[in-house]
Amino acid sequence: MIFEELVEFKKDLKNLLKKYRTLNDDLNVVKKVLEVTPDEKPPFSFRIDNLGLKTCIIKVKKLHVGH
């Protein structure tokens, strides 16, 4: 599986890492999950259709879990 990042994403990620230090680790977990089950899992992730692309686009959001 190939994960591609847009230039804009990389720029935003660099800024977000200053505030969210675990973000790279969180992204690695998401990638591992998608490698095993590359499909949407509402309410955590959603498929984005009708983009005219041959590949699948999954939008992922982080849900805050209480301790």
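The values are calculated or read from the model by the stated rules, or taken from the named source; none is laboratory data. Keep in mind that what you see is a predicted model, and the values were worked out from it rather than measured. Glycine also receives a Cβ, built like all others from the backbone with ideal geometry; neighbour counts cover every protein chain displayed. Just so you know, the surface numbers come from the protein's heavy atoms only, side chains and all, with ligands and any DNA or RNA stripped out. Shrake-Rupley method; radii C 1.70, N 1.55, O 1.52, S 1.80 Å.
Rounded to the nearest percent, how much of the accessible area of the chain (1.4 Å probe, protein heavy atoms only) is carbon and sulfur?
That fraction is 59 percent.
Taking only protein heavy atoms into account and a 1.4 Å probe, give the accessible area per residue of the chain in Å².
Averaged over the residues of the chain, the accessible area is 95 Å².
Cα convex hull of the chain: how many Å³ per residue?
115 Å³
Please name which of ASN24, LEU51, LEU34 has its Cα lying farthest along the dipole of the chain towards the positive end, using unit charges on Cβ (Lys, Arg +1; Asp, Glu -1) and the Cα centre as origin.
Comparing the listed Cα positions along the dipole, ASN24 ranks first.
May I ask you to rank THR37, THR55, THR22 by accessible area, largest first, using a 1.4 Å probe over the protein chains only?
Order by accessible area, largest first: THR55, THR22, THR37.
Taking the Cα centre of the chain as origin, sum charge times position over the Cβ atoms of Lys and Arg (+1) and Asp and Glu (-1), and report the length of that vector in debye to the nearest 20.
300 debye
Whole-Hz ³J(HN,Hα) for each residue in the stretch 11-24, computed from phi via Karplus 6.51 cos²θ - 1.76 cosθ + 1.60 with θ = phi - 60°, x for glycine and proline: what do you get?
3J(HN,Hα) across the stretch 11-24, in whole Hz: 5, 5, 4, 4, 5, 5, 5, 5, 9, 10, 5, 8, 4, 4.
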